[in-house]
Amino acid sequence: MQQTRSDHVISPALPEDIERLVEVDLAAGQMFAPTGLLTEDALHDHVPETVMLQAIEACDLMKVSTRDGTPIGFVLVSHRGGTLYLDQISVHPQHGRRGIGADLLRQVFLVAKQRRLKLVTLSTFRDVPWNAPFYRKMGFREIPRKDMAGWMLDLERIQAESLDVSQRCFMVRKIGWL
C-alpha cells in the first residue's frame, strides 16, 4: 500500500530503511528535551532495530519518504487488546509542521480498516502541543483511567520506568464500519 502526495510518499518500510529511521527517531525525540518530560536516557533512546525488523515483517512499520526516496518519518503500530495501537510516530524535525504526521496518522486509519479493527489507540503526553492536542484534532478522545484496559495499565507500568506517566494519557478513535 502506498499513499502519495506531491512532496512525499508513504509506503511499507524496508530493512534497508532501518538505519535512517533510527536517525529520524533520535532527531524527533530531541524535540522533547525542553519539556523535561523524558529522562536523559529516554532522550537518546529509539525504537530498537530488532523491533523495526519484526514490524517490517508484520507489515506494522510504514515510512514516509521524500520524492528522492529518503525516509523522513515513520509510524509503528501493533495489535493490542483488539485495537490497532499506535506505538510510535516520528517525523524528522526538518520536515515538521507540513502535515506529514497527519498523513501518517490517516495511513494508520486505513490500516485499521483493512484489518477490520474498529479502534485506534495510543498513549501520549497530555499537554505537549504535538501530542494529545494534535491527536484530539484528528478525532481522538482521552480514555478515562477507570475505563483503561488491563493491557493499557501494563503498558503504563513499563512507560513509568522512563517517563512521567502522570503527564500522559491513553486515547482512542473509532474507525467505524467497513
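From least to most packed, judged by other beta carbons within 10 angstrom and beginning with the fewest, Lys137, Lys146, Lys113 follow the order Lys146, Lys137, Lys113. Under a model in which nothing but the beta-carbon of Lys, Arg (+1) and Asp, Glu (-1) is charged, the chain shows a dipole of about 1300 debye around its Cα centre. Rounded to the nearest 20, the size of the Cβ-charge dipole of segment 57-111 about its Cα centre is 240 debye, with Lys and Arg at +1 and Asp and Glu at -1. Applying a length cut-off of 15 Å (Cα extent along the axis) and a mean Kyte-Doolittle floor of -1.0 to the DSSP H helices of the chain leaves 18-29, 100-114. Full extension of the chain between Lys137 and Arg116 yields a length gain of 5.2 nm, computed as 0.36 nm times the residue separation minus the alpha carbon distance. Cβ crowding within 10 Å ranks Lys63, Lys118 as Lys118, Lys63, fewest other Cβ atoms first.
Every number in this text was worked out from the coordinates using simple rules, so none of it is lab data. Bear in mind the structure is a predicted one, so any value in this text is a computation, not a measurement. Every residue, glycine among them, receives a Cβ derived from its backbone with ideal geometry; neighbour counts consider all protein chains shown.
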